[in-house]
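Each reported figure results from applying straightforward, stated rules to the coordinates on display, with no laboratory input. Please read these numbers as outputs of a predicted model, since none were measured by experiment. All Cβ positions, even for glycine, are placed from backbone atoms using ideal geometry, and neighbour counts span all protein chains on display.
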Amino acid sequence: MKVRNWLVLVVLFLVVIALADSVYGQAEPLPGPKYHNLRYEENFSYLGGAPGTYQEDAWDPLKWIGLGDDWYLTLGGQARLRFESEQNKAFGGIPPTKIKPSQDAFLLQRYFIHGDLKYDDWLRFFLQGKFAHVNDRDRAGGLAGMEDHADIHQAFVDFTTLIMENQVTFRLGRQELQYGAQRLISPLDWGNTRRTFDGVKAFTEWEEWRLDAFAIRPVLGDRRNLDDEDENVDFYGLYSTYKGTKELAADFYCLVLKNNNILPNSNGTMGRRTLYTPGTRLWGARENWDYEAELAVQFGTFAGDRVRAWMGTVGGGYTFTDCAWQSRLGLLYDYASGDNNPTDGTHETFNQHYPLGHAWLGYLDLVGRSNIHAIKAQVKVKPCKNVTAWADFHTFYADQDEDALYSAGGAVTRRLATGAGSQSIGHELDLTAKVVLDVHTAVLMGYAYMWPGEFIDATGDNDNPSLIYAQIEYKF
């Protein structure tokens with residue numbers, strides 16, 4: 001990356017920290033606005049209390065508006081701008097021709113606005129619209145997930161009733177889903193349009209447990225027309241969470257994906273697929289240590305071949321609470337199986353479903369959770385209350401060199417029919433900083449760089465890819 005880009009990033013970061021220190025006050029013990037990744041999880045009912053019992057905010061007049069007869073309306077939204085500069089995207093080769101110049105700098109815009117109408121505690125209507133656009137992108141195509149002009153992002157109705165003395169909510173319509181650590185199901189906030197589904201979900205909670213069941217179809221983005229569901233894909237899930245204690249909590253899940261689109265499997269055979277994915281995740285913390293582990297197996301059929309695949313992750317960290325910057329050192333290992341024999345009638349490549357990939361496998365989004373060994377070492381620091389910075393160093397190896405490299409979106413990006421002769425994909429460095437200016441505004445900026453390995457050298461262009469980005473987000 002050019003020296004002036006580094007200087008601009010450093011100066012911008014220092015300016016943002018200075019602004020944050022001047023505007024970010026001490027947290028109030030009183031209830032106040034809290035904004036979630038899933039906006040429908042927000043609760044502003046505290047505004048029904050007397051003045052002085054909650055922290056006042058400039059947007060309060062749009063929240064918990066009483067309409068009479070136990071009807072309440074909440075309005076909200078989000079604006080996000082992100083500048084990105086890509087260098088040597090896809091290792092310098094973008095099929096069918098090589099892009100020149102190799103650098104592409106552009107601006108991503110994203111706007112959401114929503115209304116949340118509730119009646120008592122048993123009926124709810126949620127509607128969210130979006131507009132997403134990209135400016136000055138040189139690369140032809142590749143706009144999926146970047147643009148969606150004036151569309152309906154979410155539109156659902158909730159009915160809550162008592163079943164066996166437990167409150168059960170049924171949700172019908174277009175909705176976002178997020179489960180666990182988002183390795184398999186995520187709204188994909190990094191994407192400029194976010195991910196959503198059409199279908200039905202039912203959920204209930206006890207003191208220590210939550211249980212969700214859903215039957216949905218993924219929504220296909222359409223830049224110019226209204227989005228619609230993919231009628232060839234059905235996705236079912238049963239997801240339970242044991243809230244447990246600080247030392248131990250757990251997820252247990254079973255997912256079913258039926259895809260009637262005609263696609264090639266790892267053996268090159270074309271056909272439909274049906275996948276069953278049971279799994280579990282454990283996590284917790286004790287004193288200064290934290291840990292996480294997740295395991296999922298996958299079986300079914302794909303184009304007539306049987307499926308036998310699995311994924312696993314294990315890791316942890318230590319936080320130095322006595323340190324002025326509350327530093328944390330972490331180490332994480334991710335594995336997802338690949339196919340070692342493209343002619344044996346068994347498909348062994350793990351399918352990652354609908355993940356948030358770059359949070360675990362690098363911000364360049366060049367590596368997905370298929371046919372991969374990934375080791376991530378992290379150093380995270382908190383120089384002040386509202387600033388967090390971290391450095392991730394990734395090492396990637398293919399599980400099987402006879403299989404392919406899969407991107408964060410699950411697409412095949414590199415494959416050598418006879419095997420690459422090496423499983424080394426490369427190393428990636430991610431430097432990231434987040435500054436919270438106030439409860440509404442946050443700034444994210446970072447730099448990512450990859451050194452390709454022999455697997456990349458043997459399968460095509462091998463230029464070193466990099467990414468620089470700076471993002472500001474406002475929620476209300």
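Condition check for Asp234 on (1) over 24 Å from Gln178 (Cα atoms); (2) not in a loop (DSSP other than H, G, I, E, B): one failure, at (1). Selection over region 419-472 of residues that are more than 30 Å from Gly32 (Cβ to Cβ), hydrophobic (A, V, I, L, M, F, W, C) and in a loop (DSSP other than H, G, I, E, B) gives a count of 2. Against the condition assigned to a strand (DSSP E or B) and of a type in the set (A, V, I, L, M, F, W, C), how does Trp360 come out, does it pass? Criteria not met by Trp360. If the condition is being farther than 27 Å from Gly426 by Cβ, of a type in the set (D, E, K, R) and in a strand (DSSP E or B), then region 376-393 contributes only Lys382.
In region 259-272, the residue that is nearest to Arg183 (Cα to Cα) out of those that are free of Cβ contacts under 8 Å to residues at least 40 places away in the same chain and either in contact with a His (Cβ under 8 Å, 6 or more places away or on another chain) or surrounded by 15 or more Cβ atoms within 10 Å (Cβ to Cβ) (or both) is Asn259. Taken together, the criteria exclude Leu356 from residues that are touching a strand residue (DSSP E or B) at 6+ places or on another chain (Cβ under 8 Å) and either of a type in the set (A, V, I, L, M) or crowded, with 24+ Cβ neighbours inside 10 Å (or both). Scanning region 47-58 for residues that are surrounded by fewer than 16 Cβ atoms within 10 Å (Cβ to Cβ) and under 12 Å from Thr74 (Cβ atoms) gives a single hit, Gly48.
Determine whether region 305-313 contains at least one residue that is crowded, with 20+ Cβ neighbours inside 10 Å, within 19 Å of the chain's Cα centre (by Cα) and among the small types (Gly, Ala, Ser). No, every residue in region 305-313 fails to be crowded, with 20+ Cβ neighbours inside 10 Å, within 19 Å of the chain's Cα centre (by Cα) and among the small types (Gly, Ala, Ser). Total residues in region 359-374 satisfying the condition of being surrounded by 24 or more Cβ atoms within 10 Å (Cβ to Cβ), on the phi > 0 side of the Ramachandran plot and not small (Gly, Ala, Ser): the figure is 1. Taking the criterion of being buried (at least 16 other Cβ atoms within 10 Å of the Cβ), acidic (Asp, Glu) and more than 19 Å from the chain's Cα centre (by Cα), the only residue of region 273-299 that qualifies is Asp290.
Can you name the residue in region 330-353 that is assigned to a strand (DSSP E or B) and buried (at least 24 other Cβ atoms within 10 Å of the Cβ) and is also nearest to the chain's Cα centre (by Cα) among such residues? By that ranking, first place goes to Ala336. Every test in (1) in contact with an Asp or Glu (Cβ under 8 Å, 6 or more places away or on another chain); (2) free of Cβ contacts under 8 Å to residues at least 60 places away in the same chain is passed by Asn340 save one, and that test is (2). The strands (runs of 3 or more DSSP E) found entirely in region 249-317 that carry 3 or more residues being more than 22 Å from Glu402 (Cα to Cα) and of a type in the set (Ser, Thr, Tyr) are 270-286.
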